[in-house]
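The values are calculated or read from the model by the stated rules, or taken from the named source; none is laboratory data. Note that the structure is a prediction, hence the values are computed from the model and not measured. Cβ sites come from the backbone with ideal geometry, for glycine too, and all protein chains shown count toward neighbours. Please note that ligands, DNA and RNA were not included when accessible areas were found on the heavy atoms of the full protein model with its side chains. Shrake-Rupley method; radii C 1.70, N 1.55, O 1.52, S 1.80 Å.
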Amino acid sequence: MLNKLRSRLVRTGPSLLKTPVKMVPFALKRQALEQLLHWQLGKALAEGELEFLDGRWLSISVRDIDLSWCISLENDRLVVRENAPADVSFSANASDLLMIAARKQDPDTLFFQRRLIIEGDTELGLYVKNLMDTIELDAMPKPLRFMLMQMADFVEAGLRDAPDSRTTSVGEAC
């Protein structure tokens, strides 16, 4: 019974978030995203590992909750915008992005299963994917890492107990 409930929540949860996410002004989303990026990529930024993003835009789209944003490097600082001319776009459902972030799914596997869509500049996309592979979970603040891992464990168990009902439609790019 609890497994069915968890499975149902994992499958329908993102659709429940769609409306609240749309209601939050992008300025607040930008602040949260920039803070998360700073926590996770601050060291890589300081060491010059993000120079490949200088003047180029990465679009990220979470398809099942209609959330998207663009990231670039300007004046040695990561910036987030709601819309920008994307050089490369990554899109996936929330559960797949969560599993990538928690290192429970390999981006290559999801790409070949057409659950992670990468469009645009192939070289830039490869740099981004390689950056994702080098991010250390230990660098993440402990409470954030704990929450990420708990959510990922919950989603992983819910997906394992659920019939596969994922879509592979492409989300809109910036």
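Order Met23, Met147, Met1, most accessible first, counting only protein heavy atoms with a 1.4 angstrom probe. Before the final figure, lay out each step's value.
Details: Met23 145, Met147 100, Met1 185 Å².
Of Met23, Met147, Met1, the descending order of accessible area is Met1, Met23, Met147.
So which of Lys18/Lys129; Lys18/Lys43; Lys4/Lys129; Lys29/Lys104 end up more than 30 Å apart, counting from Cα to Cα?
Details: Lys18/Lys129 26 Å; Lys18/Lys43 32 Å; Lys4/Lys129 34 Å; Lys29/Lys104 25 Å.
Pairs exceeding 30 Å: Lys18/Lys43; Lys4/Lys129.
With charges only on Cβ, +1 for K and R and -1 for D and E, what is the dipole size of the chain about its Cα centre, in debye, rounded to 20?
On the way: 22 positive and 25 negative charges, 217 e Å.
Dipole magnitude for the chain comes out near 1040 debye.
With all distinct Cα pairs included, what does the Kirkwood hydrodynamic radius of the chain come out to in Å, to one decimal, could you say?
After inverting the mean inverse Cα-Cα distance, the result is 16.8 Å.
Just to confirm the filter: which GluC sites (Glu not before Pro) across the range 1-88 are DSSP coil and have at most 10 other Cβ within 10 angstrom of their Cβ?
Hits after loop and neighbour filter: Glu47.
Report, in debye and to the nearest 20, how large the dipole of the range 34-137 comes out about its Cα centre when Lys and Arg carry +1 and Asp and Glu carry -1 on their Cβ. Mind dumping the intermediate values first?
Numbers: 10 positive and 19 negative charges, 75 e Å.
Roughly 360 debye for the range 34-137.
For the range 1-52, what does the alpha-carbon gyration tensor say about shape, rounded, prolate or oblate, given a ≥ b ≥ c as the root eigenvalues, a/c under 1.5 as rounded, and a/b over b/c as prolate?
Cα axes put the range 1-52 in the oblate bin.
For the chain, set up a Gaussian network in which alpha carbons nearer than 10 Å are linked by springs, and say which option among Ala102, Ala44, Ala94 fluctuates the most.
Ala44
Among DSSP bridges having both ends in the chain, what percentage is antiparallel? Round to the nearest 5. Walk me through the intermediate numbers first.
Values: 14 of 20 bridges.
Antiparallel bridges: around 70 percent, rounded to the nearest 5.
Taking all protein chains in place and a 1.4 Å probe, what share, in percent, of the accessible surface of the chain do carbon and sulfur account for?
Carbon and sulfur together cover 55 percent of it.
Please go through the range 108-143 and write out the GluC sites (Glu not before Pro) that DSSP classes as loop and that have at most 11 other C-beta atoms within 10 Å.
Glu136
To the nearest 10 degrees, how steeply does helix 142-160 sit against the main Cα axis of the chain, on a 0 to 90 scale?
The angle comes out at about 50 degrees.
Taking only DSSP H segments of four or more residues, each worth -39500 (n - 2.57), what value at 222 nm results for the chain once the sum is divided by all its residues, to the nearest 500 deg cm²/dmol?
On the way: 6 runs with 89 residues, N = 174.
Roughly -16500 deg cm²/dmol at 222 nm, from the helical runs in the chain.
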